[in-house]
Amino acid sequence: MRSLSLAEFWGKRWNLAFSEMTAIALYRPLKPRIGEKAATVTAFVFSGLLHEVAISVPVKAGYGFPLLYFFIQGILIIIERKLEYNGMLKNKLIARCWVFAGLILPFPVLFHVWFLKGIIWPLITW
């Protein structure tokens, strides 16, 4: 809730060990070779692939949806950099709404219906 950007949320507040590992192993080596935008998206796609293993593989369905969620996150961070540059996220309330919307609105893509039916709902009903 304190994050004022998606980049801050993913890079400094959520799963710091994974974030740092991805930065060291992927983002930093790729950035000079393929550029900041492509390195950002690549790092998020990598995370998406790992989430496929955790979310889609156990239910044997919904393949591609977690990958899409993290691809969207990478694209949103690229958009966010433009918005910050143009001063559109200077207001803390607007910035927090941006972060909240960017994370929550695509949740149905990450936690797809097959995952909910196969894993989450059975846990709730017992």
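We did not get these values from a lab; they are worked out from the coordinates using the rules stated. Worth saying up front: this structure is predicted, and the values here are computed from it rather than measured. Quick reminder, even Gly has a Cβ in these numbers, built from the backbone with ideal geometry, and neighbours come from all protein chains shown.
Each row is one residue, and each column tells you yes or no for (1) in contact with a Pro (Cβ under 8 Å, 6 or more places away or on another chain); (2) closer than 26 Å to Trp121 by Cα; (3) free of Cβ contacts under 8 Å to residues at least 12 places away in the same chain; (4) assigned to a helix (DSSP H, G or I).
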{"residue": "Arg33", "(1), (2), (3), (4)": "no, no, yes, yes"}
{"residue": "Glu52", "(1), (2), (3), (4)": "yes, yes, no, yes"}
{"residue": "Pro58", "(1), (2), (3), (4)": "no, yes, no, yes"}
{"residue": "Ile75", "(1), (2), (3), (4)": "no, no, no, yes"}
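If you check Leu26 against the conditions, is it surrounded by 13 or more Cβ atoms within 10 Å (Cβ to Cβ) and part of a helix (DSSP H, G or I)? So Leu26 fits the description; yes. So which residues in region 1-23 are assigned to a loop (DSSP other than H, G, I, E, B) and among the charged types (D, E, K, R)? Scanning region 1-23 gives a single hit, Arg2.
A search for C-beta distances below 8 Å between a residue of region 86-110 that is touching a residue at least 60 places away in the same chain (Cβ under 8 Å) and under 19 Å from Phe70 (Cα atoms) and any residue that is in a helix (DSSP H, G or I) and among the aromatic types (Phe, Trp, Tyr), counting only pairs 6+ apart in sequence or on different chains, returns Val99/Phe9; Leu103/Phe9.
Please enumerate the residues belonging to region 60-73 that are assigned to a helix (DSSP H, G or I) and either under 17 Å from Ile120 (Cβ atoms) or of a type in the set (S, T, N, Q) (or both). Break it down stepwise before answering.
From region 60-73, those assigned to a helix (DSSP H, G or I) are 65-73; that's our starting set.
Answer for region 60-73, where residues must be assigned to a helix (DSSP H, G or I) and either under 17 Å from Ile120 (Cβ atoms) or of a type in the set (S, T, N, Q) (or both): Phe65, Pro66, Tyr69, Gln73.
Among residues of region 1-28 that are farther than 27 Å from Met88 by Cα, none has a Cβ under 8 angstrom from a residue that is polar (S, T, N, Q) and part of a loop (DSSP other than H, G, I, E, B) at a sequence gap of 6+ or on a separate chain.
Select from region 81-93 the residues that are surrounded by 13 or more Cβ atoms within 10 Å (Cβ to Cβ) and either in contact with a Gly (Cβ under 9 Å, 6 or more places away or on another chain) or in a helix (DSSP H, G or I) (or both) and list them in ascending order. First the steps, then the outcome.
Looking only at region 81-93, we keep the residues that are surrounded by 13 or more Cβ atoms within 10 Å (Cβ to Cβ), and these are 81, 83-84, 88-89.
Hits for region 81-93 are Arg81, Leu83, Glu84.
If the condition is being in contact with a Ser or Thr (Cβ under 9 Å, 6 or more places away or on another chain) and farther than 24 Å from Val45 by Cα, then region 63-94 contributes only Leu89. Tyr69 fulfils the conditions (1) crowded, with 18+ Cβ neighbours inside 10 Å; (2) within 16 Å of Met21 (Cα to Cα) except for a single criterion, (2). One residue stands out among those in region 35-50 that are in a helix (DSSP H, G or I) and without any contact (Cβ under 8 Å) to a residue 12 or more places away in the chain: the one that is farthest from Val109 (Cα to Cα), which is Glu36.
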